[in-house]
Structure formats: C-alpha cells, structure tokens
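> Would you mind keeping the following structure in view while I ask a few things?
The values are calculated or read from the model by the stated rules, or taken from the named source; none is laboratory data. Here the structure is a predicted model, which means the values were calculated and not measured. With ideal geometry, Cβ positions are generated from the backbone for all residues, glycine too; neighbour counts draw on all protein chains shown.
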Amino acid sequence: MVGSIRIVAGIAGCLMAVGLVGCGKKGPQNYKVFGTVTFKGAPLAEGVIMFTPEGGTGGTRASIPIKDGKYESPPGGGLAPGKYKVMISAAAGGSAPKNPDEPPGVSELQKELIPEKYNVRSDIVREVQANNNNQFDFDIK
C-alpha cells in the first residue's frame, strides 16, 4: 500500500514538473518587417538585409534574404520593437581579382555590388514598432 502511494505521488510530481515546463518568462515579442530594395532604379535581384540592434534595443540581430527586390521576415521571425542599424549586401556576380601569391580560395570572394555606405559603413537606422506593419523600403543609387 505504501509503495503504491509513493508511485502515485511520484507520477503526480512528474506530471506537475512537465506542466510547468514553458511557464518561464518569454523574451520580447517580435514583429514582422518587410519592404523593397531597389538598386539603380531596378529591384535588387538577390541579396541580404541585416538588422542589428542599436543602443538599448533588446532584440537580436537578423539577416533576411532579398529576392526580386523584396524581403520579409519569416513566419515566427521578425524583430523586437526598437532601433536597428540596417546594412544591405549583394554579390556582384564576379570574383575579386586573383592574387597569384595567395593560396587557392583566399581571394576568390565575390565582389560587393552595394556601395559601402549601405553596408559596412552604414549609418541607416530604422525603428521597429510594436505592430506587424514595419515596412522599410530602400532605394540605393
């Protein structure tokens, strides 16, 4: 009899522990970001847009593919409300000039199509609002 009470108590304890899993504090709510990217007046064929949190923004960094001039955070993805530095990158399609003194593969990186002021030297900042209507369009000249 005492053994069966212990078994029932053990099972009840396990069920309570399983029921409490996932009851912890969740992170910040993420919201959809989307938009268009044009380069020299035409939709950017392929690339990536990166959002990096600024200052006190509690979100994480996100990289979203650009296809046919459009990007959209994936379902369940998105960004927490706050300010983000934006960088846009796209490969030019060719390789960087090969240096004959370097081992194979070292200088075969693709050339960057987008000017530095839109990627490595970007000062573009956008603010994500607590809604799913965060449309950010970019026209790169």
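> Search segment 48-72 for residues being small (G, A, S), farther than 16 Å from I140 by Cβ and in a loop (DSSP other than H, G, I, E, B), and hand back the single one that is modelled with the highest pLDDT.
By that ranking, first place goes to G55.
> Okay, moving on. Among the residues of segment 131-141, write down those that are assigned to a loop (DSSP other than H, G, I, E, B) and at pLDDT 95 or above.
Of everything in segment 131-141, those that are assigned to a loop (DSSP other than H, G, I, E, B) and at pLDDT 95 or above turn out to be F136, D137.
> Here's a follow-up. Picking from A42, A90, A80, which residue would you name as being closer than 19 Å to F136 by Cβ, more than 22 Å from the chain's Cα centre (by Cα) and modelled with pLDDT of 60 or more?
A42
> Among the listed residues P100, P75, which satisfies the condition of being modelled with pLDDT under 90, within 14 Å of the chain's Cα centre (by Cα), over 17 Å from F39 (Cα atoms) and part of a loop (DSSP other than H, G, I, E, B)?
When all the criteria are applied, what remains is P75.
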